[in-house]
1. Rounding to the nearest 20 debye, state how big the charge dipole of the chain is about its Cα centre with +1 on each Lys and Arg Cβ and -1 on each Asp and Glu Cβ.
2. Under the rule a/c < 1.5 gives rounded, and otherwise a/b versus b/c splits prolate from oblate, where does region 181-340 land using the Cα gyration tensor?
3. How large is the helix-only mean residue ellipticity at 222 nm for the chain, computed as the sum of -39500 (n - 2.57) over DSSP H runs with n ≥ 4, divided by its residue count, in deg cm²/dmol to the nearest 500?
4. Distances over 22 Å make up what percent of all Cα-Cα pairs in region 202-280?
5. Report the equivalent ellipsoid semi-axes for region 276-333 in whole Å, largest first, defined as the square roots of five times the eigenvalues of the gyration tensor built from alpha carbon atoms.
6. Ratio to report: Rg/Rh of region 129-194, with Cα atoms as the point set and Rh obtained by the Kirkwood method; give two decimals.
7. If packing is taken as the average count of other Cβ atoms within 10 Å, what order do 366-372, 278-284 fall into, highest mean first?
8. Using only Cα atoms, what Kirkwood radius does region 169-238 have, in angstroms?
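The values are calculated or read from the model by the stated rules, or taken from the named source; none is laboratory data. Since the structure is predicted, the reported quantities are computational estimates derived from the model, not experimental observations. Cβ atoms come from the backbone with ideal geometry, glycine included; neighbour counts cover every protein chain shown. Ligands, DNA and RNA are excluded from the accessible area calculation, which covers all protein heavy atoms including side chains. Shrake-Rupley method; radii C 1.70, N 1.55, O 1.52, S 1.80 Å.
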Amino acid sequence: MTERQPPLQDPHLEEVAHWHPIEGTPEKKKVAIGCSIGATIETYDFIGFGTAAALYFNKVFFPATDPLSGTLLSFATLGIGFAVRPLGGIIGGYLGDRIGRKPVLVGSLLLMGIATVLIGALPTYQQVGAWAGILLVAVRVVQGLAFGAEWGGAILMCFEHAPWRKKGLYTGITQAGFPVGLLLANLAFLASVPLGEQWAWRVPFLLSAVLIVVGILIRLKIEESPEFEELKEEGEVSKNPLLEVLRDDWRTVLRAFCLRIAETAGYAVSVTFMLSYLASEKLAARSVSLTALLIAAGIGIVATTCWGALTDRVGRRPVYLLGSAITLLWGVPLFLLVNTGAATAIILAFLVSYAICQNSLAGVQGAWFSELFATKTRTTGASLAYQLSAVVSGFTPLVATALYVGVGWIGPALLFSGYGLLGLLAALVTKETWGRAEREEVAALERALAAPPAPEPAPRHHTKPATGS
């Protein structure tokens, strides 16, 4: 006798499984790798600017007579790119929910590539005076718009192709493109140090042209999201996804915004500001700082993916709570370590800050943020929440520098811990989207779909009863 499966709590799941198989689409691995490579290239471009801003731009694009003012202006320019990312997220999210995820992926990558190569060709302050800073700001705005559109398209495309039980792992692979980009950017800056002050910052940006060509070719071969295709077939594509998100999901946007700040603004203190701090206080040579960041980024590639995979087993919220709590406690120990000036201590500081604090949060966001929003407004909602936080994180190095000037290293240390506290509180009030109940429901659906159909009852044969003679 065949065991009867219990009825599903959500019968709609069985319908969804017909056009988005539980094991994911046949394209899932190619999509995950393609989105990750694109994320790598865009991060190389965008984060490379942060490294250059911390190490070179204060003297290259601004008057070298006042190093502190140059550093503040350099970080302000860095922040402008972050400030326009929400606009890029809105535009990219709107287009992703209206015309599809794939066009946004290709367009954002192309725009980012053009802007980044232009940075490598800009004239310096010594050559054109104040125009150097103005041109840098203009190109940085284009970078910010492109990067703002990138994340939602890449993550959502990967999420909507991924297996149901491994969405954390697959979006973690895409998120791992960011430490890969960080690794490549800093390798490029480390390798270019011997080229001298004029070319050491130009070459890494100019090399982006090669990466962009590779990325465009890969992304053109990616199939469109099956969930978006289903929305189109059913005529359910949102006419105004931004309006719907702001009307129906503004609380979710606010929660995700706070969750994201803990990760991205924490990175701005522990990496972007830290590079400048180590250089200005002569605690470490550039080669030591960049090497420490390279090691952390290399380990972060694996760490981000593993953190994402862990959420598939235990849920999204527990991992975020852990990462936020560590960030909260790490602020003061971080600065105590780097203040020793010991290379080993500096490497350890970057390793904990990046591979544990930052990666544990980034590895969760791809799946968790995607699950918090409905399919037809998912790109807009996730992108808006993700990129709004960039306004805070973009100006965090500037705030950290001002705090350091005012109260010393304890200011940036407490700022870092404050971001961890915000993330912790936000995680506590955000719903779990992949808890035990959701995992058991999918397991029940798997059993129901795998169970053989019940055998049909055998036909009855009617025979006349025998009669005696």
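1. 500
2. oblate
3. -24500 deg cm²/dmol
4. Beyond 22 Å sits 65 percent of the P(r) for region 202-280.
5. Here the semi-axes work out to 30, 16, 5 Å.
6. Result: Rg/Rh = 1.16.
7. So the peptides 366-372, 278-284, ranked by packing, come out 366-372, 278-284.
8. 15.3
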